[in-house]
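S.K.: Below you'll find the structure I mean.
The values are calculated or read from the model by the stated rules, or taken from the named source; none is laboratory data. This structure is a prediction, so every number in the text was calculated from the model and none was measured. Here the Cβ positions follow ideal geometry from the backbone for every residue, glycine too, while neighbour counts run over all protein chains shown.
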């Protein structure tokens, strides 16, 4: 089993109704990797940071089984920074600052030892960069999962459509699914997007769970766990993706039935993420906590 994760490693500034964090560890690959580390023994990371990125953060990633041979450190430049403010409902947010820094000229270089990966998670990035990753691999992975966002649908739609032809699973939210497909109904939206390439589609609906659409018309729904306290939803979607591909890589089974199980573990991991700021909650989840939380999800949908 080999799992390759490509995405951002960043600094985030966060404001929520529950507090403020000026500059903490963030980035799609950070959340994906730390989440997947609860399922597999090794995650190979490819990303880029500036020389302002502290060794303590790299040590934290390594401690969570994220190997950083493919993490480029650009001397004399700064790490990607994003700052956002969440509203009281925690579903809507305003972007206050975005500094691309090293990300502006990021050319993902895949180490030789990473090129024969069985599982590939392409975190949210410019579609052309995602394509560049695929072009460097020596063999096609057993499973390619891609995350994207509405920005790329606005400014790089043709590049996005090209890379969609080469992936197995796409994960986006309901608003993005409607924009990409031009369909308001999510079942029709899924069919339209599957025709673009990815045979399996995950449509995330935030606090309302997630839908999984299979290649033969199958549909599965995973709920979101009602939580008494949500401190920070940043990274929940990436944590979800990490749990999903981590479980699939652990079990080495990409059938639709196993993807349903993976979706439940994905939702479980995301429920932990929102309980603290940034990836703080992902630093310490015991096996017992994970099993208990997973059982809570089963109880939500189990009917005698």
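This table checks each residue for (1) out of contact with any strand residue (DSSP E or B) (no Cβ under 8 Å at 6 or more places or on another chain); (2) crowded, with 17+ Cβ neighbours inside 10 Å; (3) in a strand (DSSP E or B).
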{"position": "22", "(1), (2), (3)": "no, no, yes"}
{"position": "25", "(1), (2), (3)": "no, yes, yes"}
{"position": "62", "(1), (2), (3)": "no, no, no"}
{"position": "71", "(1), (2), (3)": "no, yes, yes"}
{"position": "83", "(1), (2), (3)": "no, yes, yes"}
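S.K.: Only one residue in 150, 101, 91 is crowded, with 19+ Cβ neighbours inside 10 Å and either farther than 21 Å from residue 193 by Cβ or at pLDDT below 95 (or both). Which one? Steps first, please.
M.R.: Numbers: 150 fails: crowded, with 19+ Cβ neighbours inside 10 Å; 91 fails: crowded, with 19+ Cβ neighbours inside 10 Å.
Checking each option against the conditions leaves just 101.
S.K.: Please work out if residue 272 is part of a helix (DSSP H, G or I), surrounded by fewer than 24 Cβ atoms within 10 Å (Cβ to Cβ) and touching a helix residue (DSSP H, G or I) at 6+ places or on another chain (Cβ under 7 Å). Outline the logic, then answer.
M.R.: Working: part of a helix (DSSP H, G or I): yes; surrounded by fewer than 24 Cβ atoms within 10 Å (Cβ to Cβ): yes; touching a helix residue (DSSP H, G or I) at 6+ places or on another chain (Cβ under 7 Å): yes.
It is true that residue 272 is part of a helix (DSSP H, G or I), surrounded by fewer than 24 Cβ atoms within 10 Å (Cβ to Cβ) and touching a helix residue (DSSP H, G or I) at 6+ places or on another chain (Cβ under 7 Å).
S.K.: Here's another thing I want to ask about it. Please work out if residue 144 is free of Cβ contacts under 8 Å to residues at least 60 places away in the same chain and surrounded by 13 or more Cβ atoms within 10 Å (Cβ to Cβ).
M.R.: Numbers: free of Cβ contacts under 8 Å to residues at least 60 places away in the same chain: yes; surrounded by 13 or more Cβ atoms within 10 Å (Cβ to Cβ): yes.
For residue 144, the condition - free of Cβ contacts under 8 Å to residues at least 60 places away in the same chain and surrounded by 13 or more Cβ atoms within 10 Å (Cβ to Cβ) - is met.
S.K.: When segment 276-303 is examined, which residues are found to be part of a loop (DSSP other than H, G, I, E, B), at pLDDT 95 or above and over 13 Å from residue 25 (Cβ atoms)?
M.R.: 284, 285, 286
S.K.: Could you check how many residues of segment 222-241 are over 17 Å from residue 294 (Cα atoms) and in contact with a helix residue (DSSP H, G or I) (Cβ under 7 Å, 6 or more places away or on another chain)?
M.R.: 2
S.K.: Within segment 207-217, is even one residue at pLDDT below 95, under 20 Å from the mean Cα position of the chain (by Cα), within 23 Å of residue 27 (Cα to Cα) and not in a loop (DSSP other than H, G, I, E, B)?
M.R.: yes
S.K.: Does residue 119 satisfy the condition of being closer than 30 Å to residue 194 by Cα, buried (at least 16 other Cβ atoms within 10 Å of the Cβ), touching a residue at least 12 places away in the same chain (Cβ under 8 Å) and more than 18 Å from the chain's Cα centre (by Cα)?
M.R.: Working: closer than 30 Å to residue 194 by Cα: yes; buried (at least 16 other Cβ atoms within 10 Å of the Cβ): yes; touching a residue at least 12 places away in the same chain (Cβ under 8 Å): yes; more than 18 Å from the chain's Cα centre (by Cα): no.
So residue 119 does not fit the description; no.
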